[in-house]
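The values are calculated or read from the model by the stated rules, or taken from the named source; none is laboratory data. Since the structure is predicted, the reported quantities are computational estimates derived from the model, not experimental observations. Every residue, glycine among them, receives a Cβ derived from its backbone with ideal geometry; neighbour counts consider all protein chains shown. Quick note on the areas: whole protein, heavy atoms, side chains included, nothing else; ligands and nucleic acids left out. Shrake-Rupley method; radii C 1.70, N 1.55, O 1.52, S 1.80 Å.
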Amino acid sequence: MKYETLLFDLDGTLTDPGVGITNSVAYALEKYGIVVEDKTELYQFIGPPLHESFERFYGFGKEHAMEAVAFYREYYRDRGIFENAVYEGIRELLCELKQAGRTLLVATSKPEPFAKIVLEHFGLTEYFDYIAGANMDGTRTKKDEVISYALTAGNVAEWPKALMIGDREYDILGAKRVGIDSMGVLYGYGSPEELKRAGADFLVKEAGEIAEAVL
């Protein structure tokens, strides 16, 4: 299969947001008297929609979960968003793919305005034909919704020639629901077992291997 369009997840795939996201979650949880000593426990928040994670991992009801997301953003929008780093080899990968004539899209469950700020901050915006994310009001957070939106807004005519690239099961399952292939990256926050169980069509250990697989 020759993939003409490549969709990239953001957190855990293009950049490592571990410090910023865990600090933001910890800040939100402290509003409810919950203190997390080991912030690596909060890595599970990286990937899925935030409000779902507060519900799933801390038993919040929907109303409290959305309130917690608002607290999260108090820290994230000014500090956490920049406590982030581009993964090794990503910039070179994106340059190679663009030179090869591929259409590159971002498909993230992060709110779209935040995704654009991150990519602009790291000088990655120029590589992407469209940046698709969730709405700030908590809608369009499911990965299949974001992928469909990215392909439509990015004017992609042949969806079967698109490949979703991400580090968590949500990326893989979202791609399956839309009907496109997927690639799991092992340098992010998902385990090989998680990605295999979800049904990833490819697995790669490093960013540089992505180009080898798709070109």
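Which of (1) of a type in the set (V, I, T); (2) within 26 Å of L119 (Cα to Cα); (3) assigned to a loop (DSSP other than H, G, I, E, B) is the odd one out, the single condition V25 does not satisfy?
(3)
Filter the range 31-49 down to the residues that are part of a helix (DSSP H, G or I), in contact with a Phe, Trp or Tyr (Cβ under 8 Å, 6 or more places away or on another chain), open to solvent by 30 Å² or more (accessible area, probe 1.4 Å) and without any contact (Cβ under 8 Å) to a residue 60 or more places away in the chain and list them by number.
If the condition is that a residue be part of a helix (DSSP H, G or I), in contact with a Phe, Trp or Tyr (Cβ under 8 Å, 6 or more places away or on another chain), open to solvent by 30 Å² or more (accessible area, probe 1.4 Å) and without any contact (Cβ under 8 Å) to a residue 60 or more places away in the chain, then Q44 is the only one that fits.
So which pairs qualify, if the first residue must be in the range 168-181 and in contact (Cβ under 8 Å) with a residue 24 or more places away in the chain, the second must be among the hydroxyl-bearing types (S, T, Y) and open to solvent by 10 Å² or more (accessible area, probe 1.4 Å), the Cβ gap must be under 6 Å, and the two must be at least 6 apart or on different chains?
That search, which allows pairs on different chains as well, returns V178/S148.
Among A115, A107, A175, which is the only one that is assigned to a strand (DSSP E or B), at pLDDT 95 or above, among the small types (G, A, S) and crowded, with 18+ Cβ neighbours inside 10 Å?
Going through A115, A107, A175 in turn, just one is assigned to a strand (DSSP E or B), at pLDDT 95 or above, among the small types (G, A, S) and crowded, with 18+ Cβ neighbours inside 10 Å: A107.
Across the range 126-146, what is the number of residues that are acidic (D, E), buried (at least 17 other Cβ atoms within 10 Å of the Cβ) and either in contact with a helix residue (DSSP H, G or I) (Cβ under 7 Å, 6 or more places away or on another chain) or farther than 16 Å from L7 by Cα (or both)?
Residues that pass the stated criteria total 1.
Results for (1) free of Cβ contacts under 8 Å to residues at least 24 places away in the same chain; (2) among the polar types (S, T, N, Q); (3) under 22 Å from Y189 (Cβ atoms), shown as yes or no for each residue.
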| position | (1), (2), (3) |
| --- | --- |
| L93 | no, no, yes |
| K98 | no, no, no |
| P113 | yes, no, no |
| E120 | yes, no, no |
| F128 | no, no, yes |
| K143 | no, no, yes |
| A150 | no, no, yes |
| A153 | yes, no, no |
| A157 | yes, no, no |
